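Values in this text are rule-based calculations from the coordinates and carry no lab data. None of these values were measured; they are calculated from a predicted model. Glycine also receives a Cβ, built like all others from the backbone with ideal geometry; neighbour counts cover every protein chain displayed.
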Amino acid sequence: MIAIELALELSSGQVTVDMICERALISVRTFYNCFPSKDAALAGNGPPLPDEGALGAFRRDRGPDVLGDLLQMLATALEQAPDEREIKRARGRLLCQEPHLLAGVTARLTAVSQELVPHVIARLENTSPDRAERASAELIVNLATAVLTTAQREWARHGAGDEDPVHTLRRTISLARDLTSPRAGEGTPMSLRPDAE
């Protein structure tokens with residue numbers, strides 16, 4: 001929280017790791033044990049990964065909605081993360097004030113998401129053995145990452161306010177579902193037809 005407060009007071013460009021450590025009364029070594037970089041301290045390390053119990057249940061599930069189930073599992077993991085409401089709000093204000101920090105958030109989100117690929121492959125082996133290949137799993141994880149990134153940007157764009165990031169994520173998941181699910185008698189804005197050019 002101290003790093004975020006400093007950046008809100010000054011700007012992220014003016015804040016140094018030494019300043020953060022001095023204010024927090026910690027060593028630089030301790031700082032780097034907690035965060036890989038100053039930007040990670042400011043913008044966050046990325047979303048929490050689901051625990052092994054949730055990942056195991058996801059892998060064993062035989063339902064056909066692999067992407068939807070993956071997104072729900074990620075939303076639940078975020079919801080169950082320790083409640084640091086004030087840090088989330090302050091971080092949201094900072095990301096709104098300094099949107100360039102979102103690039104680092106997106107990069108960390110992508111790196112964390114790639115850890116999910118083996119779990120998606122295992123799930124595909126249960127639901128669609130003919131599609132249980134790395135490319136299919138990576139595409140599903142990348143789609144989930146796009147939804148998470150969009151939710152993060154939406155939450156930051158609105159200054160985090162009083163809205164819980166989980167609510168923003170669930171709203172974004174619902175939007176993605178609306179955009180990609182066929183409706184009775186309607187075309188889908190993003191339907192992927194085999195004959196599409």
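Among Ser113, Ser174, the order by Cβ neighbours within 10 angstrom, fewest to most, reads Ser174, Ser113. Computed on the chain, with alpha-carbon pairs under 8 angstrom and 6+ residues apart, the relative contact order is 21 percent. Straightening the chain between Glu86 and Ile2 buys 29.1 nm, computed as 0.36 nm per residue apart minus the Cα-Cα spacing.
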